[in-house]
Amino acid sequence: MTEPATLDEICIAAIADAFRGDGEVLCNPMGAVPVIAGRLARATFEPDLMLTDTIAYAVAGNLPLGGDPADFPVEAYMPFRSIFDQVWSGKRHVVMGASQIDRWGNQNFAAIGPYRKPKAQLLGLRGAPGNLINHATTYWVPNQARSFSPSVDVVSGPGYDKAAELGRSARFFEIRRVVTNLGVYDFDTPDHSMRLRSIHPGVDIDQVLEATPFEITIPDDPPTSRVPDAEDLRLIREVFDPDGVRKGEFR
Amino acid sequence: MSHKVMTEDQVVAEIHSGMTVGIGGWGSRRKPMSLVRAILRSDIDDLHIVSYGGPDVGLLCAAGKVRKVTYGFVSLDSIPLEPHFRAARQAASIDFSELDEGAFYLGLMAAAHRVPFYPTRAGLGSAMLSENPDLRTVVSPYDDHEELVAIPALEMDVALIHMNRADARGNGQFLGPDLYFDDLFAMAGKLTFMSAERLVPTDQFLAEGSVHTIRIPRIHVAGVVEAPMGAHFTECPPDYGRDEEFQREYAATAKDPESWSEFSRHWLELESHEAYRAKIAERVAGITRGGQR
C-alpha cells in the first residue's frame, strides 16, 4: 500500500501541472520541489520538455536530485550563455521563488527595505527581469503567510499591472501559476489580479484568507488540488528524491 | 615572438586606483583569485569592479578597494549570499549598478564588439530599470517602434580571467563544463591578464581537450601568469572542485570583525601566491592527518 500523499508531494504535482501543454520548451525550475516537479511532468505527461542537470547539460531520463548526470544521455550542451539565449528565444518556462509577491504577481527576492540601502540584501534581481518579460514564469512559495504581501519592496519580476503599462513590449509576459503551501493561484481574471485556482486537500478557505493580505478572487466552490497518484508518488519517493530533500524546503 | 609570462605582482603594477576592472568566472567558479589577492596586497583602491560576482567582489569590498560594483549577481553558489558584499550593500558603502544576469552578458558583448549598447526587453517593468540611473531605453528605428532597454557596453580598463591551461604567448584553454563569459571579458578589457593552472606548449592543448576548448585567443591577452590553485577556493574543474570547507570558514568569519581579521591575517596577508599555496597545502595535510586519527 502506498502511503498517502503529503503536502510536499501535492505541491510537486501542482507545479508539475503548470507545465501541462508546454510541449518542447526548456523547463527550468529552481529549488528542490520545483526540480522534482519538472522531472515528474516530463516522466508522466509532458515527455517533450527539456531539462538541465543544473550544471551545463540538458539530459534525458529520470535524473534524481543530486544524481550523477554522467549516467544520463546528454541532449544538448547548455552552458550559461546558451541558457540566456533560450530565455530570449522564449522557449523556456522557469520556476522561481518569491520572498514577497503581491496580487498582481509583482515578485521580490532582491532585498527587503529600500533598494539602494536595503535593510536585508537578499538574492538580488538575478534573472527575474529577463525571465518575466520573455517567457512563462511560475512561482513556488512554500510559506504563503510570509510571502504574500500587499506590495513588494523591490520589483524583481514585474506583475500584470506593470506589464499592462508596457503594452506590446510585454507580449511574451505570462505568470502561469503561483503554487504555495496552501493552494494554487493564477491570474485568469478580467483585470489579471490573483485568483485562487485550487485549494490543497485539508486546507480550509479561512487559512487561505488569513495568509492573503490583499484582495483576491475566490470562486464559490474552489476545486481541490490534484492528489498525485501511486505512480507519481513512486517516482517522487523512489526515483527523484529518495533522501527526502524536498521536505527541507518548507520553512 | 611575443612572450607574455609575468607574475601576479607585475599584473597588479598595471592596475591603478580609480580603474574599472572586469573579473571573469561566475559566482564561486573559476575566479582569478591569485590576482584578486594580489590586489588586496597592494595600495590600489577606488576600483569599479565588473563581475558575475563571487568572493572576488566580497574580498575587494571587505578590503575597502571598491567604489562601485557593476554585477549580474553576487553569490557563493553553495552559499547563496556573499556576506561581505551583503554588508557593503546594506551599509550603502559602495555604489552599484545591478543588471539582469542575461542583460549583463549583453553589456559584456557590447564592450567586446565596441558598440555603445545592445537592446533587450530585460529590465522593463522591474527595479533594474526604474532604480538604476545608469540605464536608458531606446526606441526601435524600424516600423515596430518598440521600446527596449539599451544595456550599455561594460567597458573596462583591465580584465582578469583564469583558465585551466595557457601558453606563454597568451592563448587560453578551459577544460571544465562552462567557459562562462571569459572570452568576452578578454575582448572587453583594454588590457587583459590571464592566469592559468598550468602553462603548456601550444602543441599540448589538444592533449587534454578538444579544439572547442581553446577559446581565448592571444590577440586579446596582454599577460599570462602561471598560478596553480590560482582559483582557490572557488572551483576549477577538472583540476579541482570548490573548497567548500574553506568557503564555509570564509563566510562564517565574515560575520564579526575579530574572526574576520584573524582569517585575513592567516590567509590574505601573505607575500605571494606561492606562500598562499604552501599554506593551503599545509591545511590539506592537517585535514588528512586529522581524518586519520
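FYI, it's all coordinate maths here, none of it is from the lab. Just so it is clear, the structure is predicted and the values come from calculations on it, not from any experiment. For neighbour counting, all protein chains shown are included, and Cβ atoms are generated from backbone atoms with ideal geometry for every residue, glycine included.
Residues whose amide H comes within less than 5 Å of that of residue B:5, counting only those at least five positions distant or on another chain, are B:224 (H built at 1.01 Å from N in the peptide plane). Peptide B:98-108: average number of partner chain Cβ atoms within 10 Å per residue? Whole-number average of other-chain Cβ neighbours for B:98-108 is 6. Over the C-alpha atoms of chain A, the Rg to Rh ratio, Rh being the Kirkwood estimate, stands at 0.95. Scanning chain A for GluC sites (Glu not before Pro) lying in DSSP loops with no more than 12 further Cβ atoms inside 10 Å, the longest uninterrupted stretch between such sites is A:25-214.
Counted by neighbouring Cβ atoms within 10 Å, the residues B:197, B:147 run from fewest to most as B:147, B:197. Ordered by the count of other Cβ atoms within 10 Å of each Cβ, fewest first, A:147, B:140 give B:140, A:147. Distance from the Cα centroid of region A:58-125 to that of region B:230-279 is 28 Å (rounded to whole angstrom). What's the center-to-center distance, using Cα atoms, between region B:93-134 and region B:1-59 in Å? About 22 Å separates the Cα centre of region B:93-134 from the one of region B:1-59. DSSP assigns beta bridges within the protein assembly as shown; of those with both partners inside it, close to 35 percent run antiparallel.
Considering only A:29, A:118, A:190, the Gaussian network model of chain A with Cα springs below 10 Å gives its largest mean-square fluctuation to A:190. Taking a straight line from the alpha carbon of residue B:190, these lysines sit under 24 Å away, with near neighbours fewer than eight places off in the same chain left out: B:4, B:31, B:65, B:68.
Of all the options B:92, B:62, B:153, the one that moves most in a Gaussian network model of chain B with Cα springs shorter than 10 angstrom is B:92. What share of Cα pairs, in percent, lie more than 43 angstrom apart in the protein assembly as shown? So the pairs more than 43 Å apart make up 20 percent of the total in the protein assembly as shown. Sorting B:187, B:163 by the number of Cβ atoms found within 10 Å of their own Cβ, with the fewest placed first, yields B:187, B:163. Calculation over all alpha carbon pairs of region A:120-251 in 10 angstrom steps from 0 returns a P(r) of 10, 35, 34, 18, 2 percent.
For region A:17-27, 3J(HN,Hα) computed residue by residue from phi via the Karplus equation (6.51, -1.76, 1.60; θ = phi - 60°) reads 4, 5, 8, 4, x, 5, x, 8, 9, 7, 8 Hz, glycine and proline entered as x.
Going by the alpha-carbon gyration tensor, a ≥ b ≥ c the square roots of its eigenvalues, is chain B rounded (a/c under 1.5) or, if a/c is not under 1.5, prolate (a/b greater than b/c) versus oblate? The shape class here is oblate.
The amide H of residue A:122, built 1.01 Å from its N in the peptide plane, has A:111, A:112 as neighbours under 5 Å, considering only residues 5 or more places off or on other chains. Of all DSSP beta bridges confined to region A:32-163, the antiparallel ones make up roughly 65%.
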